Amino acid sequence: MRSLFNKLAKLHKSKQNDLLGLMICLAAILHTTIIFGVGFTPEDQHIGKVLDVSLASFKDDKAPEEADFIAQENQQGSGTEEQALIPRTTSPAEFQAIEINPAPSPLPMMEKEQQPTETTKSVLTTASKQQQKDIKESEKKEQQDQAKQTVNNTDWAAQIASLEAQIAQKEQAYAKRPKILQITSAATKRDKGAAYQDEWRKKIERIGNLNYPKEASTKKIYGNLRLLVAIKKNGQLHTVKVLKSSGKPVLDRAAIRIVHMSAPFAPFPRELADTDIIEIIRTWQFDRSDRLSTDG
């Protein structure tokens, strides 16, 4: 009896295992069918109807039965084209655009409200006034500098003109100055004025010794002096000057008196024709023998 129950229990357990395997197999087949048999397709999007919009060139009272385009007014089609063309205006545009750009959007309210405040206006006005003041001062200073420069230029021009006038005057005076031949003690016979000087010397010594100063002879006054005698072209005396005094006025006065007594002298010879004045510079000697000599 017990062995019978055991066999039945094994048989029941075996049936349960077979049923479980069958159910697993059916479940696998069902899932495979669902995975490979069911597809996913995207939902069709709704595409709106496209409308061709145009601008009508003129207005008709009667609407067309079949309109090719949508416009702001009714307009009957016309023309010879086989296809419907978009109506276009015959008036040229006031300007030509290279690219088609969208219409600009209205400015935001924020930009309209960004008006300058009173403080900003005050600052701008103050800055503008200061700039105008600086500009005026700069222009005024520039005008003053230009005026000073003009005055300086005028002064320089006047000074230059004055100097030029002085130079011209000196040149004229120099040109008018007489041509002077100066003959000193170093003159020799080869000098063109040597012969004239020798004749002058002989005359001076001859007249001087004939008119020797009595005061110098009586008081035994002796000495030497350096004397310049200038003679004109015609032999007339031009000037007499003591270059170096003897220290004794009586001798200096006697020398000048002798020159005036000897004048006039001989006119200039032909070799001195280009000379206006001859200056003869010699040393006058009043010696102890009461004689006068004019050495070189």
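I need the full set of residues from region 257-272 which are part of a helix (DSSP H, G or I), modelled with pLDDT of 95 or more and surrounded by fewer than 17 Cβ atoms within 10 Å (Cβ to Cβ), in order please.
Residues satisfying the conditions are Arg257, His260, Met261.
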* Could you check Ala173 against (1) over 58 Å from the mean Cα position of the chain (by Cα); (2) under 23 Å from Ile277 (Cα atoms); (3) small (Gly, Ala, Ser) and say which number it fails? => (1)
* **Close pairs (9 angstrom Cβ cut-off, 6 or more residues apart or separate chains): surrounded by 13 or more Cβ atoms within 10 Å (Cβ to Cβ) in region 194-220, at pLDDT below 95 and assigned to a helix (DSSP H, G or I) anywhere** => Ala195/Glu271; Tyr196/Glu271; Tyr196/Leu272
* Asked: Taking the stated definitions as given, is Leu243 assigned to a helix (DSSP H, G or I) and either surrounded by 13 or more Cβ atoms within 10 Å (Cβ to Cβ) or touching a residue at least 24 places away in the same chain (Cβ under 8 Å) (or both)?
  -> no
* Taking Ala216, is it closer than 11 Å to Trp284 by Cβ and either touching a His at 6+ places or on another chain (Cβ under 9 Å) or not polar (S, T, N, Q) (or both)? -> no
* To do: Give just the number: which of (1) β-branched (Val, Ile, Thr); (2) free of Cβ contacts under 8 Å to residues at least 40 places away in the same chain; (3) part of a loop (DSSP other than H, G, I, E, B) does Thr275 not satisfy?
  => (2)
* Asked: Does His238 meet the test of being touching a Lys or Arg at 6+ places or on another chain (Cβ under 6 Å) and not in a loop (DSSP other than H, G, I, E, B)?
  -> yes
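The values are calculated or read from the model by the stated rules, or taken from the named source; none is laboratory data. Here the structure is a predicted model, which means the values were calculated and not measured. All Cβ positions, glycine included, derive from the backbone under ideal geometry; neighbour counts span all protein chains shown.
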